[in-house]
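Worksheet for the structure shown next.
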Amino acid sequence: MPLASGGATIMITARELKDRVIDALNDHDLEATMRCFAPDAVYVGPVGTAEGHDQIGWYFEHLLEAFPDLHLTPWCKVPVYDPAISAVSEYVMTGTHRGPFLLPGGSALPATEHRIAVRAAGMCTIEDGLIISDREYYDQLELLSQLGLCLPEAVA
């Protein structure tokens, strides 16, 4: 996403692009979110890998449906070796579970109205002003526990 400024081209940094994604998700603006990703980008999260706009868009659409008041609050923006190509953030993901949420194994958990506050971290890499790789990490057990689910006693 080169930006024009007085005839000069300024390239957006990975930090600025990641902040745009966080802002767009907080605004629940799926189109603005997807404008930050390259058409062949890869998103890797605790539930799996999404490749390309269709799959990544589906993932974020599903997340916003499950948590219509979803909000990401960054609390640490980690300095990286080359901020022109990568950005690392730690944040808290909060929301109220008001829609179907896809569980490991493919079933969906109906709305529970439980509030969540899950710690997470992510790293994105950009190329030509767009995210080409975004990896997000959070503890699925922490999230599922906050939704009221528990492991069977045999596993616990």
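The values are calculated or read from the model by the stated rules, or taken from the named source; none is laboratory data. Only a predicted model underlies this, so the values are computations on that prediction, with no experimental measurement involved. In this analysis, Cβ positions are derived from the backbone assuming ideal geometry, glycine residues included, and neighbour counts consider all displayed protein chains. Heads up: the accessible areas ignore ligands, DNA and RNA and are worked out on the full protein's heavy atoms, side chains in. Shrake-Rupley method; radii C 1.70, N 1.55, O 1.52, S 1.80 Å.
If one takes the longest principal axis of the Cα atoms in the chain, at what angle in degrees, from 0 to 90 and to the nearest 10, does the Cα axis of helix 52-66 lie?
Tilt relative to the chain: about 50 degrees.
Give me, ordered by chain and number, the residues 5 or more places off residue 101 or on other chains with an amide H under 5 Å from its own placed amide H.
109
Could you check how much of the accessible area of the range 47-154 is carbon and sulfur, as a whole percent, using a 1.4 Å probe?
So the carbon and sulfur contribution to the accessible surface is 59 percent.
log10 I(q)/I(0), Debye, Cα-only the range 97-156, no solvent, q = 0.16, 0.24, 0.29 Å⁻¹?
Taken in order of the listed q values, log10 I(q)/I(0) reads -0.68, -1.04, -1.21.
Taking GluC sites (Glu not before Pro) as candidate sites, keep only those in a DSSP loop with at most 10 other Cβ atoms within 10 Å, then name the longest stretch of the chain containing none of them. Each step should come with its number before you reach the end.
Working: sites that count: 113, 153.
Between the exposed loop sites, the longest stretch runs 1-112.
Relative to 2.2 N^0.38 Å, what does the C-alpha radius of gyration of the range 34-156 come to as a ratio? Two decimals please. Intermediate values should be presented prior to the final figure.
Values: Rg = 15.4 Å, N = 123, 2.2 N^0.38 = 13.7 Å.
Relative to the rule-of-thumb radius for its length, the range 34-156 sits at 1.12.
Using only helices, what value at 222 nm comes out for the chain when you add -39,500 (n - 2.57) per DSSP H run of length 4 or more and divide by the total residues, to the nearest 500 deg cm²/dmol? Walk me through the numbers on the way to the answer.
Details: 4 runs with 40 residues, N = 156.
Estimated from H runs of four or more residues: -7500 deg cm²/dmol.
Just grab the label-to-label distance for residue 139 and residue 73, each label 7 Å out from Cα along the Cβ direction, in nm (one decimal).
For the pair residue 139/residue 73, the computed spacing is 1.8 nm.
Can you give the accessible area per residue of the chain, in Å², using a 1.4 Å probe?
Numbers: 8400 Å² over 156 residues.
Accessible area per residue: 54 Å².
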